[in-house]
Amino acid sequence: MSKYKIDRIYSESLKEEMLSATHESGLRVYIFPKKGFSKYYAIYGTDYGSTDREFIVPGETGTTVVPDGIAHFLEHKMFEQPDGSNAFDSFALTGASSNAFTSFDLTAYLFSCADRFYENLDILAEFVNTPSFTDENVAKEQGIIGQEIKMYDDDPMWRVFFNALTALFHNNPVKIDIAGTVESIAKIDKDVLYKCYNTFYNPGNMILVLVGDVDMDKAMEILDKRISPGRNRGKINRPAISEPSERVREFTEQKLVVSRPVFQIGFKDITPFSGGEELLRRTLSTEIILDVLFGRSSDFYNEHYSSGLIDSSFGAETELEKRYGFTMIGGESNDPQKVYEKVRQRIDAARRSGLTHEEISRSKKVAKSSLIKVFNNTEAMGNAFIRLLLKDVNPLTYASAADSITDAEINERLLSHFDTGNCVLSTVVPLDGSEG
């Protein structure tokens, strides 16, 4: 067995533990022990998503530019094995539930099960480390994903979201649909798939998170069998993205078959992040602001819910990563323009007066209670923590970070991020005659 050192971190306030070790291949492994739980969860992710369209392969000097949608395409292809079998079928035989997803900056493969955990972990480790791309299976997948892209083109919630990103960002590839376009995926072939796989699926660029009553030694034995130590290719250079602070345009509207309008109000963040505590504190500050101003217990929500201007679909979320950042406030409304005006008025009033200590303290408690709920669900833990760990954030420090954020820090974030002169309104409205 490979040699490795296990680091143990225990949170006295949360009564939770995290074990971490680095496999000799460079793969970072994290275990969140949940003794007595009847379920196990594993999520195996690479720091690679749809925004990685330009990069420098380790050992090369030139920049590689790949077709949009290739990270998502690669995710689809990974389940097919060289012998013609499919990893989904292997998981089904053990009774496990498996899936995968691609986001802007993460591709992940996962399973949950009640037993036969190490057998399922072996299936996961084997197929993620055994790519099989041929001209034939690539051509077949182009047709399948092409149909998926066309389906999302007609999805109002998907379109209102990406239309908002397109109105916010000039150059950042976060504005490009994760699946690409029918035209872009037509340019994908097996050679470029292998190039992306060998670059981004090298163990040093990946993380494995395991939740449940898991033994590190047994997990490492499986990794020894499935991952060669020589596959770590080192750091991947990603060219810096030049993004103006100004929005592209304030309004964007699309007509689709919907019963009532849907909307997203977007705010952009172009500050480069180094990850770690800086990024965590900025995210927490933004979430606290959103809860104070627009959460379910806020005056704004209750007033405009009672009047019928908004409904239970109304919500707000922020996504701040190392290479992009934005906040979205959205839902359904018969009058999105009026919601937009009311949201901006509420933000402007808060920017003038500042959030009070009482408001901030209350929302900090909400944030910490949400974290405690996460620790009661193995899937929620895995999905949330792999994202934090890829940003160099220790999930067990979340609560203490929320406590230590100052009122001044939060109010500074309110002024710097929530610029009502630089936000956007994206709407999808009914086609003529489609209301009903």
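The values are calculated or read from the model by the stated rules, or taken from the named source; none is laboratory data. This structure is a prediction, so every number in the text was calculated from the model and none was measured. A quick note on method: Cβ atoms are made from the backbone with ideal geometry, for glycine too, and the neighbour counts reach across all protein chains shown. Heavy atoms of the whole protein, side chains included, go into the accessibility calculation; ligands, DNA and RNA do not. Shrake-Rupley method; radii C 1.70, N 1.55, O 1.52, S 1.80 Å.
Here Ser369 does not fit the description of being open to solvent by 10 Å² or more (accessible area, probe 1.4 Å), within 20 Å of Ser13 (Cα to Cα), part of a helix (DSSP H, G or I) and touching a residue at least 60 places away in the same chain (Cβ under 8 Å). Here the condition is being under 30 Å from Ile176 (Cβ atoms) and either open to solvent by less than 70 Å² (accessible area, probe 1.4 Å) or aliphatic (A, V, I, L, M) (or both); of Ser274, Ser333, it holds for Ser333 alone. Considering only residues in region 344-358 that are open to solvent by 30 Å² or more (accessible area, probe 1.4 Å) and in contact with a Leu (Cβ under 9 Å, 6 or more places away or on another chain), the one that is nearest to Ile329 (Cα to Cα) turns out to be Arg346. Please find, among Ala100, Ala96, the residue that is farther than 21 Å from Asn198 by Cβ and open to solvent by less than 20 Å² (accessible area, probe 1.4 Å). Checking each option against the conditions leaves just Ala96. Of all the listed residues (Thr406, Thr397), the sole one being over 24 Å from the mean Cα position of the chain (by Cα), polar (S, T, N, Q) and closer than 19 Å to Arg282 by Cα is Thr406.
Within region 227-242, the set of residues being closer than 29 Å to Lys34 by Cα and open to solvent by 70 Å² or more (accessible area, probe 1.4 Å) is empty. Answer yes or no: is there a residue in region 394-411 that is part of a loop (DSSP other than H, G, I, E, B), in contact with an Asp or Glu (Cβ under 9 Å, 6 or more places away or on another chain), farther than 21 Å from Lys342 by Cβ and aliphatic (A, V, I, L, M). No, every residue in region 394-411 fails to be part of a loop (DSSP other than H, G, I, E, B), in contact with an Asp or Glu (Cβ under 9 Å, 6 or more places away or on another chain), farther than 21 Å from Lys342 by Cβ and aliphatic (A, V, I, L, M). Here is the figure for region 329-348: residues that are farther than 18 Å from Met157 by Cβ and either part of a strand (DSSP E or B) or in contact with a strand residue (DSSP E or B) (Cβ under 6 Å, 6 or more places away or on another chain) (or both) total 1. Confirm whether Thr64 is over 27 Å from Asn394 (Cα atoms) and surrounded by fewer than 17 Cβ atoms within 10 Å (Cβ to Cβ). Here the answer is yes, as Thr64 does meet what is asked. Restricting to region 21-45, give me the number of residues that are open to solvent by 20 Å² or more (accessible area, probe 1.4 Å) and not in a loop (DSSP other than H, G, I, E, B). Counting residues in region 21-45 that are open to solvent by 20 Å² or more (accessible area, probe 1.4 Å) and not in a loop (DSSP other than H, G, I, E, B) gives 5.
Somewhere in region 122-140, is a residue closer than 24 Å to Glu221 by Cα, over 24 Å from the mean Cα position of the chain (by Cα), surrounded by fewer than 16 Cβ atoms within 10 Å (Cβ to Cβ) and among the charged types (D, E, K, R)? No: region 122-140 contains no residue that is closer than 24 Å to Glu221 by Cα, over 24 Å from the mean Cα position of the chain (by Cα), surrounded by fewer than 16 Cβ atoms within 10 Å (Cβ to Cβ) and among the charged types (D, E, K, R).
Number of residues in region 106-121 that are of a type in the set (Asp, Glu) and open to solvent by less than 20 Å² (accessible area, probe 1.4 Å) equals 0.
Kindly evaluate Ala219 against the criterion of being touching a residue at least 24 places away in the same chain (Cβ under 8 Å), in contact with a helix residue (DSSP H, G or I) (Cβ under 6 Å, 6 or more places away or on another chain), farther than 19 Å from Gln264 by Cα and buried (at least 18 other Cβ atoms within 10 Å of the Cβ). So Ala219 does not fit the description; no.
Filtered by the rule that a residue be surrounded by fewer than 22 Cβ atoms within 10 Å (Cβ to Cβ) and part of a strand (DSSP E or B), region 46-59 gives Glu54, Phe55, Ile56.
Only one entry of Leu256, Leu210 meets the criterion of being within 21 Å of the chain's Cα centre (by Cα) and either at pLDDT 95 or above or within 18 Å of Arg116 (Cβ to Cβ) (or both), and that entry is Leu210.
Restricting attention to region 178-214, the residues that are in contact with a His (Cβ under 9 Å, 6 or more places away or on another chain) and either in a helix (DSSP H, G or I) or of a type in the set (Asp, Glu) (or both) total 2.
Selection of region 74-109 for residues being free of Cβ contacts under 8 Å to residues at least 24 places away in the same chain, among the charged types (D, E, K, R) and closer than 15 Å to Thr134 by Cβ yields only Asp83. Of all residues in region 275-292, those that are closer than 23 Å to Leu165 by Cβ, free of Cβ contacts under 8 Å to residues at least 60 places away in the same chain and over 16 Å from the mean Cα position of the chain (by Cα) total 1.
Every residue, every condition in (1) within 28 Å of Tyr152 (Cα to Cα); (2) out of contact with any strand residue (DSSP E or B) (no Cβ under 6 Å at 6 or more places or on another chain), yes or no:
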position: Glu221; (1), (2): no, yes
position: Gly234; (1), (2): no, yes
position: Val248; (1), (2): yes, yes
position: Gln254; (1), (2): yes, no
position: Arg260; (1), (2): yes, no
position: Ser285; (1), (2): no, yes
position: Leu293; (1), (2): no, yes
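If I filter region 156-169 for residues that are in a loop (DSSP other than H, G, I, E, B) and more than 28 Å from Met381 (Cβ to Cβ), do I get at least one hit? Among the residues of region 156-169, at least one is in a loop (DSSP other than H, G, I, E, B) and more than 28 Å from Met381 (Cβ to Cβ), which makes the answer yes.
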